[in-house]
Amino acid sequence: MDKAAFQKLFQENTKDPQWCPGCGDFTELNVLIRALAELASEDREIHKNVNDFEEMGISGLEAKICKSCPEKHFYPRYEPHTVVTESGIGCAGQMFAYINTYGAKATHGRALPFSLGLKLARPDLTVIPQGGDGDAWAIGAGHFANFAGFNLDITYLVTNNEVYGLTKGQMSPTSPVWLKTGVNPTGPIREPMNPIAVAVSSGWTFVARLVNVGKLTNGFNTAEFSVDILKKAIKHPGSSLVIFETECPTYNKVKTKEWLKERTVPISDVEPNYNPALAIDALKLSLVPEEEKIPIGIYYQVRRSTLHEKLGIEKPLINLKPDREKIKKLLERYS
Amino acid sequence: MDLKFIVSGVQYENGVESTALTMVRSFFRAGAEVFVYKNYLSTIHGGTGKIPGTAYYEIRVSDKKIYCSGDDLCDILIVLEFGRKKDELPVSATNYLKKIKRGGILLYDSSLVGPIESPDFVSVGIPAYSMVKEAFPQEKETKLNLIRNSILTGVAFELFGFDRGDAIVKSVMEKQFGAKGDLLKKNLLVFKSGRTYIGDRPFMPYQEPIVPRPSQRKRLFLSGNDAMSLSAINSGASLYTGYPITPASPILEFMEKNLRNFGGVSLQCEDEIAAAMAVLGASYGGANAFDATSGPGFSLKIETIGHSGMSEVGMVIINVQRAGPSTGMPTKTEQSDLMLAIFGHHGEIPKIVLAPGDVKEFFEVMPRAFYLARKYQMPVIILTSLDVAEGWSTTEEFDLSYADKFNYDWKPQEKIGQGVLHERYADSESGISPVSIPGERDKVFKMGGAEHDQYGFVTTKPVWRKTIMDKRMRKMKTFLKEDFRAPVYYGRERNDVALIGWGTTKGILLETKERLEVVKDISVGVVHFIDMWPMKPGVASKALASARKVFVVEGNATGEFASVLRLKASEDGFPVSPANLSSVLFYDGRPIEPRTIVNTVLGKEG
């Protein structure tokens with residue numbers, strides 16, 4: 001199957017998005033579908049003539065362990081039945097219904113802990129938790145900072161439109177002080193948080209920031225760039241965070257598509273010799289005021305052992321058969 | 001022989017736990033039945049304040065079958081606390097002297113205090129600390145303090161008449177201090193000097209000596225929390241996520257120590273919500289995952305439990321109840337989360353609540369919980385409580401193959417519908433729909449906490465809402481038909497009195513029954529509920545119909561279970577009129593004493 005066929009497949013059996021016209025969530029959804037379609041078709045191509053697979057040995061699950069690639073992985077891994085798109089609550093949290101993969105929706109703010117249990121038990125799945133800025137950084141803030149240290153191999157997508165949409169225009173943790181909305185005419189009373197700085201300093205091993213506004217005035221294609229970076233994020237072994245800067249045409253009248261377009265610039269244009277392995281550079285870059293510039297690309301990327309690597313888990317934690325002799329040994333302590 | 005003693009001292013300073021465990025392990029090895037109830041503080045160190053914080057272990061030893069740690073009174077009080085002034089009683093002595101039965105014994109270290117005299121009990125003061133100081137002048141103070149306890153253990157054993165226990169004590173101490181080494185040698189030495197010390201003094205040994213009776217059957221001596229943890233591993237649990245909370249932390253500790261060795265994983269999460277959500281995620285992926293907590297943590301998990309009911313992804317949550325409300329009394333016991341477990345969620349969901357009664361039932365509940373969570377695709381909540389969960393008791397050896405009676409593995413199920421989508425929430429007579437898990441081809445569905453159609457897509461259409469809601473709730477009826485276990489009845493066919501209880505009061509009720517029958521010649525039937533919800537109380541009919549008085553005994557202030565019984569009584573032919581259910585309640589932090597129930601029964605009878 002080629003890229004186009006997969007793209008079509010990922011759009012089958014889905015619901016019509018219930019987002020407002022021009023909603024920034026569309027931009028993320030399009031990028032996600034394209035990235036998965038490319039990854040899936042590339043993966044098929046690479047493994048076309050590969051026969052060296054090891055069975056997982058769990059009936060009903062057909063993914064196998066590939067023995068021919070340098071990095072150990074499961075195959076297939078990017079197809080509708082091996083991907084779980086999983087979200088919290090909010091406008092962005094509806095995405096799981098608009099893409100043809102297994103879909104799950106946790107409670108508000110809990111996409112990450114849900115994926116912790118899921119991915120830990122199921123290393124064969126590609127798990128993509130996802131949500132908006134309120135879900136990720138207000139009600140889910142405790143998880144955002146703590147989850148990263150596990151370096152679980154998932155890719156967390158956050159659409160950052162800096163306002164609560166579904167509940168009709170309340171302030172979010174990233175709302176700038178100058179943002180005024182109908183329900184909050186004076187704007188937020190607190191300074192916005194800096195999610196990239198928090199992410200880099202709390203252990204996320206891949207941090208990227210993207211904007212999908214089509215072509216910039218200089219011809220730079222933000223859509224293609226985003227697809228490329230998102231593919232890298234999904235492939236990155238470890239906790240990847242991808243922030244999509246998006247517009248909320250209904251409640252954030254400032255951060256419009258045009259506003260984004262004017263400020264978006266690839267990191268390489270801001271810092272020609274940017275090295276994403278250096279946390280201190282990422283922190284510095286994260287401090288650039290968004291009113292001036294929105295640098296897009298990979299802010300931070302390091303390779304550290306994933307949770308599965310640390311624990312030595314190579315297969316799903318399903319149908320475990322505990323060694324009864326060992327249990328008897330444990331029981332000796334009590335006799 | 002049926003002996004009750006208390007070991008008390010300053011928490012974290014006097015070695016209360018290790019001394020108590022040396023003793024009880026020795027009795028257990030000698031063939032005795034043992035129950036331990038830990039009474040401790042929710043601080044770490046008891047010794048820093050002006051008034052020391054004390055902990056005490058209540059230990060009951062018998063050569064007959066016993067069911068609980070019994071009444072609050074003791075035959076012997078062993079005070080490990082040093083005391084601060086010559087003429088001032090150690091705090092733990094002041095606190096617990098009144099617990100000594102008339103004619104009982106007080107054993108204490110008289111190096112710094114005493115003598116303590118009383119006409120009510122025999123007072124045995126041993127200058128234990130002075131003795132070890134003299135024997136090991138070079139030893140560090142902190143070590144001497146603990147070595148000293150072995151003298152008191154020796155004296156206690158002599159007082160108990162436990163005279164053949166030396167070889168057993170040696171093997172127990174070897175386990176405790178390591179087979180070789182200085183510490184073991186010194187402890188054994190002073191233990192023996194304790195024994196001979198008492199031999200030269202005019203104290204009478206306890207009237208009914210502890211005689212070792214090597215049992216024919218293999219037995220175990222362990223805490224409820226450990227029994228449950230072991231059982232979870234034995235039942236194929238592959239993921240444990242938790243957050244530290246008294247008194248459920250021992251489960252987290254057990255899992256952290258052991259689950260990796262069996263191919264699973266235990267993780268400490270950032271909070272209670274994350275721990276529950278991770279269990280839900282893993283269960284959605286097909287794993288047997290679980291999480292244990294106590295009241296405050298359980299409150300935080302309620303939203304996740306509601307999600308589990310709505311999204312029909314079964315999950316297992318243990319609540320080791322402690323005294324609430326709010327922070328309550330973290331190290332004290334209670335049974336006050338029943339209403340929360342049954343009704344504590346917004347909206348209405350199906351769920352199963354189980355309350356095992358003793359260590360054996362703690363072991364048996366886990367495989368069944370995994371099985372029920374998988375079969376019925378709804379949350380399964382296990383309610384235990386601090387007294388049995390943290391307490392230690394003797395029990396028959398576990399039958400590890402018991403778990404195999406339950407079908408808790410994941411297996412592919414029937415596919416419903418065309419194309420890649422699977423009708424994961426297809427309506428059915430039983431309410432149960434065939435599950436799929438991610439990774440299965442052409443069985444894609446959506447799961448979530450929002451109301452949904454057969455594929456899991458969000459909908460608010462009244463017809464779907466009603467169909468799926470009815471389907472979900474119908475599973476409760478199916479459970480009642482296929483898997484509900486009637487309460488266990490202990491007693492004759494006709495009885496004067498019936499005692500109804502649930503969960504961890506089981507042992508106390510059985511003890512009460514025995515006392516009323518043996519001493520007062522009143523025939524008693526005990527009805528013990530493990531399956532708490534959904535509830536079908538009518539099954540207890542036969543047992544209750546003849547009883548003139550029916551008491552519901554439970555550890556809370558409002559009679560939660562009695563309310564549940566009243567709620568369900570009319571619809572299910574429950575033979576006792578709601579007005580005739582008398583509640584016997586306890587909520588002072590301790591497990592209720594059998595004598596309290598006996599007195600209540602007699603008072604009402606008389």
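For B:Lys140, a cut-off of 24 angstrom between C-alpha atoms picks up these lysines, skipping any fewer than 8 places away in its own chain: B:Lys85, B:Lys86, B:Lys170, B:Lys175, B:Lys180, B:Lys185, B:Lys186, B:Lys192.
How far is the Cα center of region A:229-294 from the Cα center of region B:244-261, in Å? The distance from the Cα centre of region A:229-294 to that of region B:244-261 comes to 41 Å. Helices in chain B, meaning DSSP H runs of at least 4 residues, each add -39500 (n - 2.57). Divided by all residues, the mean residue ellipticity at 222 nm is -11500 deg cm²/dmol. Taking every residue in B:404-416 and counting other chain Cβ atoms within 10 Å of its Cβ, the average works out to 2. When chain B is described by a simple charge dipole with +1 on each Lys and Arg Cβ and -1 on each Asp and Glu Cβ, the residue from B:Gly449, B:Ser523, B:Ser249 located farthest towards its positive end is B:Ser523.
For the protein assembly as shown, a simple Cβ point-charge model (Lys and Arg +1, Asp and Glu -1, everything else neutral) yields a dipole of about 1260 debye relative to the Cα centre.
Rounded to the nearest whole Hz, the Karplus-based 3J(HN,Hα) values (6.51 cos²θ - 1.76 cosθ + 1.60, θ = phi - 60°) of region A:236-245 follow the sequence 4, x, x, 6, 9, 10, 10, 9, 9, 7, with x at glycine and proline. Of the chymotrypsin sites (Phe, Trp or Tyr not before Pro) found in region A:255-335, not one falls in a DSSP loop while having at most 14 other beta-carbon atoms within 10 Å. If you sort the three axes of the alpha carbon gyration tensor as a ≥ b ≥ c, you get a/c of 1.5 or more for region B:343-421 and a/b no higher than b/c, which makes it oblate.
Listed peptides A:279-289, B:316-326, A:109-119 appear in the order A:109-119, B:316-326, A:279-289 once ranked by packing, highest mean of other Cβ atoms within 10 Å at the front. Remark: mean inter-chain Cβ contacts per residue of B:267-276 equal 6, using a 10 Å Cβ-Cβ cutoff to other protein chain atoms. Sequence-distant contacts, meaning Cα pairs under 8 Å at least 6 residues apart, place the relative contact order of region A:3-334 at 17 percent. Centre-to-centre, using Cα atoms only, region B:539-592 and region B:369-410 are separated by 25 Å.
Other residues whose C-beta falls under 10 angstrom from the C-beta of A:Val242 contribute a net charge of +1, scoring Lys and Arg +1 and Asp and Glu -1.
Beyond 30 Å in Cα-Cα separation lie the following of the pairs A:Lys232/B:Lys461; A:Lys326/B:Lys405; A:Lys67/B:Lys411; A:Lys3/B:Lys415: A:Lys232/B:Lys461.
When DSSP beta bridges are restricted to pairs lying wholly in region A:34-153, around 40% turn out antiparallel. Using Cβ point charges alone (K and R +1, D and E -1), the dipole size of chain B about the Cα centre works out to roughly 540 debye. Between the DSSP loop rule and a limit of at most 12 other Cβ atoms within 10 Å, which GluC sites (Glu not before Pro) in region A:40-95 are left? Sparse-neighbourhood loop GluC sites (Glu not before Pro): A:Glu71. Between B:Arg441 and A:Glu62, the built amide H atoms are under 5 Å apart, and every one of these is 5 or more places off in sequence or on another chain.
For the segment B:285-295, counting C-beta atoms of other chains within 10 Å of every residue's C-beta and taking the mean gives 4. For B:Lys351, the lysines whose Cα comes closer than 17 Å to its Cα, not counting residues fewer than 8 places off in the same chain, are B:Lys301, B:Lys375, B:Lys471, B:Lys475, B:Lys477, B:Lys481, B:Lys536, B:Lys568.
Mean Kyte-Doolittle of at least -0.5 and a Cα length of 27 Å or more along the axis: which whole DSSP H helices of chain B meet both?
B:141-160
Per the Kirkwood formula applied to alpha carbons, chain A shows a radius of gyration over Rh ratio, Rg over Rh, of 1.00. Centre-to-centre, using Cα atoms only, region A:3-53 and region B:46-95 are separated by 68 Å.
The order of the peptides B:286-293, B:388-395 by mean Cβ neighbours within 10 Å, most packed first, is B:286-293, B:388-395.
Each value in this text was obtained by applying a stated rule to the coordinates, not by laboratory testing. As the structure is a computational prediction, the values presented were derived from the model and not from experiment. Cβ sites come from the backbone with ideal geometry, for glycine too, and all protein chains shown count toward neighbours.
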